[in-house]
Amino acid sequence: MAGIFGIYAFEDIWNVSRFVYYGLLGLQHRGQEKAVISVSDGTITSLTGDGMVQESFSESSLASLKGNVGIGGVSTRDINGYVGRDIVIFVDGSLLVDENLAQRILEATQSKEELVELTKIFSKIEDAFTMLILTQDKIYAARDSLGLKPLCIGGIGFDLAVVSSESSALDVVGAEYSRDIKPGEVVVIDKYYIQSEQNNSNAKAHCGFEYVYFARPDSYINGIPIHEARYKIGELLARRNKVGADVVIAVPETSIPFAMAYSNVSGIPIDLGFVRTGRHTRTAIKPTQMERMIGVQLKLNPVATAIRGKRVILIDDSVVRGTTTRNIVSLLRKKGAREVHVRIGSPKLISPCPFGTEVPPKDELIAVENNEEEIARIVGADTFAYLDIEDLKGCIKLPLCLGCFTGEYPEVTK
Amino acid sequence: MKFLIVGEGAREHAIAQKASETYDVYSAMGILNPGLKRIAREYALTDTLSPQKVSDYADKIRPEIIFIGSEESLFAGVSDELRKRGHVVIGASSATAMIEKSKAFMRRLMENHNMEGRLRFKTFASLEHASKYIEEFAGSIAIKPARQAGGKGVKVIADMQAYLKGEKADVKRKHAQKIVEEKMSGDLNEQVLIEEKVEGVEYTLQCFTDGRHVVPLPLVQDHPHAYEEDIGPETGGMGSISGKGNLLPFIRQEEYDGSQKLIEKVLDAIHEETGERYVGVISGQFMLTDKWGPTIIEFYSRLGDPEASNIMPLLQNFPEICEGVARQNVSNMKAKCENVCTVVKCVAPKGYPNERNIGRGHPIVVDEKILDKYGARVFFGSAFEENGKIFTAGSRVCEVFSKGETIEEAGMTVERAMTAIHSPHKLFWRQDIATPELLRKRITTADLARDIYNYRLTKGLIGKTIDWLPGIGRIET
């Protein structure tokens, strides 16, 4: 998974490097292992770093980046893309950009019919991608024909155009959201125009995981406000598998809107269940088991008075291996919870993602072999229930890729 | 009756087209506009900024009415000289056209007369003072040349993120420097104007006036961003829309009335300040803001361009109004307009707006049969004719007009009609103008501004800013 951000100032009196930096902060939730910024003032300069954005770039390193055009990326693993002298490419998705592809893209950008040439290349790619391309004086933004990963465009006054994986980063730099880049579309931003070319594709399939887990709640993805989508999911969780309880508790932070809606519909009060130690990290996308464990332990110190003697409804966004859920349930029991009923804001995760989202192989997914009743026993809960997949479809009302929940995937080139 | 139009743009083409329904049209233009050439019984290629040359031509023709289209002719004193020689002119005198020429004059006038819809501002005669101010009082501002410079040189900076303040201060300083170094304020003493930035939806109210009364026209909204979705550099306008019943879908009758009152007040204030009655056209470039509701961004001393092209084709009593202005009496006069929606889209050559030389001198062909087929019209702007061929002149080359039952419908007609326009050079226009999506966005923005200004109205806070500073106390401005 990755987050990508680009900004174009129509006049060269602007230096955009700090805009890219803050834009990446607004996408930090999409990748916390690597960060990269490239800017151009006619000459491209790039900086890469390990870890969070704020650790990756210092004041002095940022000051060395100058240009009126820039792009950046954050990633859950090594940056997927290509950093060259004449071209920089950052990708969110499963597409791997090798030297050869980068060269072909560079040549396409230099041709007279740049958008037509780029569209030709992109229409043959069978992997998922959203992509930002920086040349010496242009930015190109592209999305695969299914529109799997999100990408949107906006502007700041008369001065700057901005593209970003999510609208949250537009807000952070003070840009106004204009629209989503369409599936199969390539947009070029340069001094003379913003233009686009689109593959005629009817087979759209937006990543469903964005809605339940990945995107920030203040973002709009494919025109759908994430917070509203999660709120609806929470309402449905409360309407199904009803159970009497005294308190609703969310596993922070993605699950909070689910839990709020659950509480409002069920009438069961919501309470503060956990307090975080240290900085906010996304535990589910940490690469190793040890890191995930450390993350969970630091993230989730239970507030005993909210739990003791109570029948607890515990809301989480997803269950991968079940280890984290099991730890949390056990923590709640140790703090005196009388009953623990687990509700999950997404359907059963049963299949890996071929499009770049880090879902472990099948034999590491608890839902592949176990039904809800069995999982309840494994994690030590009184009851356990997933979101029904039909309910998820009903909440989003867009053509979705739900491959990780069903094992059936759309084809990228169609 | 003879009617002389002074000017060479799409606005003048639209005015001349309307005038030709009644009058014998004559044209004084700086470049050979293909549209004006066709309409005019006779034309003169002349410097339309020269009072002598234009007046000499008028002396020769002896027209009953002279209509001056562009502000620069007014600033240069063309209307003054024509009147001195006894001609009947629709166009403000150079003294009263100061309402457009000097943004500092306009802001001061509004402040001195305590008018609603005013904005806080400061003017600077030197870069040094402007830079010092930018350093000390950062915030969301618009930096402009003190003089009207064809919409050029205006920079609007929203400065809401403390973490990006440094970058923005830098751009503000560099921009003020550009205004001073490139002498954008020309002959004025004050060079740089800084005013508070406001947010909302913009609209234009164009009025004919005798200086005492106004004949307001239907509202029009222009689209200043160069590119789709309101992104990109500021232009003179990439297209405009108008709705039924004199209103736009996002402006209410009481807001229209308030805007008209504001224009009437400023006409009185101009009379008080200059001792002259304003005779001609005055247009308010308004924004519906949360601070005031109708708020003045700029005044035009002429019809808007492209806004003129929306309304001229609809106007049914153009001669009555023109002759009223000529007699300097338009009391109780109303504009009679066909009650339809209109859309105008401007076509620009690649290079516009920032590198116009790239867009200059390219051939362009307009197939009138296709336009007729769809019921659209074209008004030529920055275009000239040479040896029977039409060429681009660097700015917006033409405007395509259509009317319809809805704005969306008129917009679709314009889009179809665009197939009539060809050039080997890359041309662009905004396809998003008049789409339901963009109209919805305008309605949302207007509703937001309206909710806040109504709250301010009920709390007696309209137009006010109240601060409380630790150690200093309450400051009301």
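Any read-out appearing in this document is the output of simple, stated calculations on the displayed coordinates, not a laboratory observation. The shown structure was predicted, so the numbers you read here are calculated from the model rather than taken from an experiment. FYI the Cβ positions are ideal-geometry reconstructions off the backbone, even for glycines, and counts take in every protein chain you see.
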**Average partner coverage of B:165-177, which counts Cβ from other chains inside 10 Å** = 2
**Asked** Pairing the Cα long axis of helix B:253-274 with the longest principal axis of chain B, what angle in degrees results, from 0 to 90 and rounded to the nearest 10?
**Response** 90 degrees
**Radius 11 Å from Cβ of A:Val265, net charge of other residues (Lys, Arg +1; Asp, Glu -1)** = +3
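Taking the Cα centre as origin and putting +1 on Lys and Arg beta-carbons and -1 on Asp and Glu beta-carbons, what dipole magnitude results for chain B, to the nearest 20 debye? Mind dumping the intermediate values first?
Working: 64 positive and 68 negative charges, 46 e Å.
Result for chain B is approximately 220 debye, rounded to the nearest 20.
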**Message:** Using the Karplus curve 6.51 cos²θ - 1.76 cosθ + 1.60 with θ = phi - 60°, what ³J(HN,Hα) values do you get for each residue of segment A:52-60, in whole Hz, with x for Gly and Pro?
**Reply:** 5, 4, 5, 8, 7, 10, 9, 3, 6
**Message:** If I fit a long axis through the Cα atoms of helix B:407-417 and take the longest principal axis of the Cα atoms of chain B, what angle between them do I get, 0 to 90°, rounded to 10?
**Reply:** 50 degrees
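Rounded, prolate or oblate, given the Cα gyration tensor of segment A:2-204, with a/c below 1.5 counting as rounded? Write down the numbers at each step before the final one.
On the way: a/c = 1.38, a/b = 1.27, b/c = 1.08.
Note, shape of segment A:2-204 comes out rounded.
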**Fill in**
Debye calc, one equal point scatterer per Cα of segment B:295-353, no solvent, log10 I(q)/I(0) at q = 0.13, 0.16, 0.28 1/Å comes to -0.51, -0.72, -1.19
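Past the 14 angstrom mark, what percentage of all C-alpha to C-alpha distances in segment A:180-264 do you count?
Values: 2528 of 3570 pairs.
In whole percent, the long-distance tail amounts to 71.
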**Item:** Over chain B: helical MRE at 222 nm, DSSP H runs n ≥ 4 each giving -39500 (n - 2.57), nearest 500
**Value:** -10000 deg cm²/dmol
**Fill in**
Quick numbers on segment B:234-296, Rg and Dmax over C-alpha atoms in Å, give 13.9, 39
**Complete:** Semi-axes of segment B:160-199 from the Cα gyration tensor (sqrt of 5 times each eigenvalue, largest first, whole Å) come to 24, 13, 6
**Prompt:** On average, how many beta carbons from a partner chain sit within 10 Å of the beta carbon of a residue in B:427-439?
**Reply:** 1
**Request:** May I have the pair-distance distribution P(r) for segment B:120-196, computed from all Cα-Cα distances with 10 Å bins from 0 and rounded to whole percent?
**Result:** 21, 58, 20, 2
**Fill in**
Scaled by the rule-of-thumb 2.2 N^0.38 Å, the alpha carbon Rg for the protein assembly as shown gives a ratio of 1.07
**Asked** Once the Cα gyration tensor of segment B:200-428 is diagonalised, what are the square roots of 5 times its eigenvalues, in whole Å and ordered largest first, as equivalent ellipsoid semi-axes?
**Response** 31, 19, 19
**Translational D in µm²/s for chain B (Stokes-Einstein at 4 °C, 1.567 mPa s, Kirkwood Rh from C-alpha pairs)** = 57 µm²/s
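Mind checking Rg over Rh on chain A, alpha carbons, Kirkwood formula for Rh? All intermediate terms of the calculation are to be shown ahead of the outcome.
Numbers: Rg = 21.9 Å, Rh = 22.0 Å.
Ratio of gyration radius to Kirkwood radius for chain A: 1.00.
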**Asked** Bin by bin, in steps of 5 Å, what percent of the Cα pairs in segment A:192-326 do you find, going until the bin that has the longest distance?
**Response** 2, 9, 16, 18, 18, 15, 8, 4, 3, 3, 2, 1, 0, 0
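Quantify how strongly other chains surround peptide B:229-237 by giving the mean number of their Cβ atoms within 10 Å of each of its Cβ atoms.
What the average comes to for B:229-237 is 6.
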**Prompt:** Is segment B:1-113 best put as rounded, prolate or oblate by its Cα gyration tensor, with a ≥ b ≥ c the root eigenvalues, rounded for a/c under 1.5, and otherwise prolate when a/b is larger than b/c, oblate when not?
**Reply:** prolate
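Which entries in B:Lys122/B:Lys178; B:Lys197/B:Lys336; A:Lys138/B:Lys103; B:Lys389/B:Lys426 show an alpha-carbon gap greater than 26 Å? Each step should come with its number before you reach the end.
Numbers: B:Lys122/B:Lys178 18 Å; B:Lys197/B:Lys336 36 Å; A:Lys138/B:Lys103 36 Å; B:Lys389/B:Lys426 18 Å.
From the list (B:Lys122/B:Lys178; B:Lys197/B:Lys336; A:Lys138/B:Lys103; B:Lys389/B:Lys426), the Cα-Cα distance tops 26 Å for B:Lys197/B:Lys336; A:Lys138/B:Lys103.
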**Prompt:** Here are some pairs, B:Lys183/B:Lys291; A:Lys66/A:Lys299; A:Lys66/B:Lys155; which of them have Cα atoms lying more than 26 Å apart in this structure?
**Reply:** B:Lys183/B:Lys291; A:Lys66/A:Lys299
**Request:** Determine the distance separating the Cα centre of segment B:326-403 from the Cα centre of segment B:135-189; give it in Å without decimals.
**Result:** 31 Å
**Prompt:** Can you pick out the pairs among B:Lys37/B:Lys101; A:Lys310/A:Lys348; B:Lys18/B:Lys350; A:Lys120/A:Lys149; B:Lys132/B:Lys174 whose Cα atoms lie more than 23 Å from each other?
**Reply:** B:Lys37/B:Lys101; A:Lys310/A:Lys348; B:Lys18/B:Lys350
**Asked** Once Lys and Arg get +1 and Asp and Glu get -1 on their Cβ, which of A:Val173, A:Gly184, A:Ser46 lies farthest toward the positive end of the dipole of segment A:2-204?
**Response** A:Gly184
**Complete:** In terms of the charge dipole of the protein assembly as shown, which places +1 on Lys and Arg and -1 on Asp and Glu at the beta carbon, the residue among A:Ala238, A:Ser111, B:Gln177 farthest towards the positive end is A:Ala238
**Message:** Could you tell me the center-to-center distance, by alpha carbons, between segment A:159-231 and segment B:1-59 in angstrom?
**Reply:** 49 Å
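Run the dipole for the protein assembly as shown about the Cα centre, Lys and Arg Cβ at +1, Asp and Glu Cβ at -1, nothing else charged, and hand back the magnitude in debye, nearest 20.
Numbers: 109 positive and 120 negative charges, 270 e Å.
Using Cβ point charges on Lys, Arg, Asp and Glu, the protein assembly as shown gives about 1300 debye.
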